[in-house]
Amino acid sequence: MKLVLLISLSIALAVISQPAHATDADDTTITIGAKNPGVTPFISQVTLTTSNSAVIKSIQFTIAPKPGSVTRPLSGTYSADYLSARGDLQSSGVIFLPVYGLYDGYNNTVTFTYNFVDGSSKQAITTIATAPFDDPCGYETPTVLQARTTDKTLSYDYMMVKERCDDYSPAILDTDGALRWVGTGFISDISATLYQNSVFIASGTSLFRIDLDGTVTFLHDYSDIGVTYIHHNIDRGKYGLILDVDTTSYLESTNLEVDTNGNVLKEWSMAAIISAAMTAGGDDPNQFVYSTPTDWFHNNSACYDRADDSLIISSRENFVICLDYETNEIKWILGDTTKKWFEFPSLAKFALTLAPNSLPPVGQHAVSLTFDENLLLYDNGEDSFIERPVGVQRTYSTPRKYELNLATKTATEVWNYEMNQ
């Protein structure tokens, strides 16, 4: 019995005296070096030097909000694979790390979090000084109609503003109103969106990608398939991005879905789709659908609905229309029934009935779906410009949200923000 106890005690002492295994975080040194200004004051290229680049899994930067800010910190994470593919993580131990979203004209406090392949991590804090931004667009001097409160429960902290402003389009501001990023493509166009951590922006018939580090990449010129202009919105589709385009045949009534390399995945010709539906229903599409240069449809936005695999498209002239994504068949139409489209039985049969105290959208833009599957849009209040009868004309505009019951074919307006019209 005594022998067993002595052996157990000696084993326990050996375990206690053995040093703990060091982690990658313990063994790896990372030094912060030069902080070179990027293409705009909102971007900095930070040079890091590591003793072992092979053990790095990812690097995150986090920018501390200014004192008094009610926004959450802006941050970005680069995987080692991403940095290596760009040549920014080198076997020599040199790392080039773009930091974007900095305040201009300010000493930014930035925290780097180094994550290692063994699951360990460590942090370092530095200061990045930026030059003031020469703002020709008025982004930094807004007219405040309603100031944000100090309540921090707002669900978002950053927003992209599309603008035809000189060469700095689009822009990203935080909800304090501070400018945090501007486009570096020297493209002035409102057709833009943020998707998969890059800005996609159109110019004429071409599509470009602007990475948040300021890198600009030309993707595709769609004049090769008869596109004459990319207009209005770039929206999220089922597999990629949806472009609103003019073609040599029809004005503002064609949509393209493209991938992040600019390759065309699918095309919707509303002229062909609506003409087919009208013909099948016994109506003459030549009384409603017109070739270029007549702006009979005026498409300005679209959104994909994953809930039922459909595409919702805004026609400012007429209505909001929903198509089956795969078959292109019309599923429903929401709009002002005093407009011309409702005079055709082939189209009227798809109309949703508005519930009491619900107004139809007229001249709408910016259709989207909310998290609870309601239809959100901006009701401009404009009647038809081309079609007759022109329908309702309002003296104000407002966002509206509709709850759709497709079983009963009804639409109920559940929210608006008229601001006393």
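Figures for the structure shown
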| read-out | value |
| --- | --- |
| In region 194-239, the trypsin sites (Lys or Arg not before Pro) that fall in loop regions by DSSP, at most 16 other Cβ within 10 Å | Lys238 |
| Share antiparallel - DSSP beta bridges, the chain, percent rounded to 5 | 95 |
| Å² of accessible area per residue within the chain, as computed with a 1.4 Å probe and no ligands counted | 48 |
| ³J(HN,Hα) computed for each position of region 333-349 - Karplus, 6.51 cos²θ - 1.76 cosθ + 1.60, integer Hz, glycine/proline x | 9, 10, x, 6, 7, 8, 8, 4, 3, 6, 6, 9, x, 5, 9, 4, 5 |
| Accessible surface of the chain, 1.4 Å probe, proportion on carbon and sulfur as whole % | 53 |
| Efficiency of FRET between Thr294 and Thr143 - r from beta-carbon atoms, R0 45 angstrom, step 0.05 | 0.75 |
| Qualifying GluC sites (Glu not before Pro) for region 232-277 [loop in DSSP, other Cβ within 10 Å: at most 11] | none |
| Label-to-label distance, nm, for residues given as Met160 and His21 (7 Å Cα→Cβ offset) | 4.4 |
| Relative contact order [Cα under 8 Å, 6+ residues apart], region 146-268, whole percent | 14 |
| Binned Cα-Cα distances of region 14-147, short to long, each 10 Å bin given as a whole percent | 11, 36, 28, 15, 7, 2, 1, 0 |
| Free-standing Cys residues across the chain, given no other cysteine C-beta under 4.7 angstrom | Cys303, Cys322 |
| Over the chain, relative contact order from alpha-carbon pairs under 8 Å, at least 6 apart, % | 7 |
| Highest average packing first - 372-379, 148-155, 318-325, Cβ atoms within 10 Å | 318-325, 372-379, 148-155 |
| Lys, Arg +1 and Asp, Glu -1 on Cβ, resulting dipole of the chain about Cα centre, debye, nearest 20 | 1220 |
| Peptides 291-297, 169-175, 239-245 ordered by average Cβ neighbours within 10 Å, highest first | 239-245, 169-175, 291-297 |
| Extension gain, Phe218 back to Thr29 (0.36 nm per residue minus Cα-Cα distance, nm) | 64.2 nm |
| Long-range HN-HN contacts of Trp332 with modeled amide H, under 5 Å | Cys322 |
| Dipole of region 33-143 [Lys/Arg +1, Asp/Glu -1 at C-beta], most positive-end residue of Gly119, Ala64, Gly105 | Gly119 |
| Rounded to 10°, Cα long-axis angle of helix 2-17 versus longest principal axis of the chain | 60 |
| Amide H partners (placed H, <5 Å) of Gly363, local residues excluded | Glu382 |
| Residue-wise HN-Hα coupling along region 194-201, computed from phi with Karplus coefficients 6.51, -1.76, 1.60 (Hz; x: Gly, Pro) | 9, 8, 6, 6, 9, 8, 10, 9 |
| Cut-off under 5 Å, modelled amide H: who pairs with Lys266 long-range | Glu257 |
| Per-pair calculated FRET efficiency, R0 = 25 Å: Asn357 and Met419 via Cβ, rounded to 0.05 | 0.85 |
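The values are calculated or read from the model by the stated rules, or taken from the named source; none is laboratory data. Remember, predicted model here, so these are calculated numbers, not experimental data. Every residue, glycine as well, gets a Cβ built from its backbone with ideal geometry; the counts of neighbours run over all protein chains shown. Remember, those area values only see protein heavy atoms, side chains included, never the ligands or the DNA or RNA. Shrake-Rupley method; radii C 1.70, N 1.55, O 1.52, S 1.80 Å.
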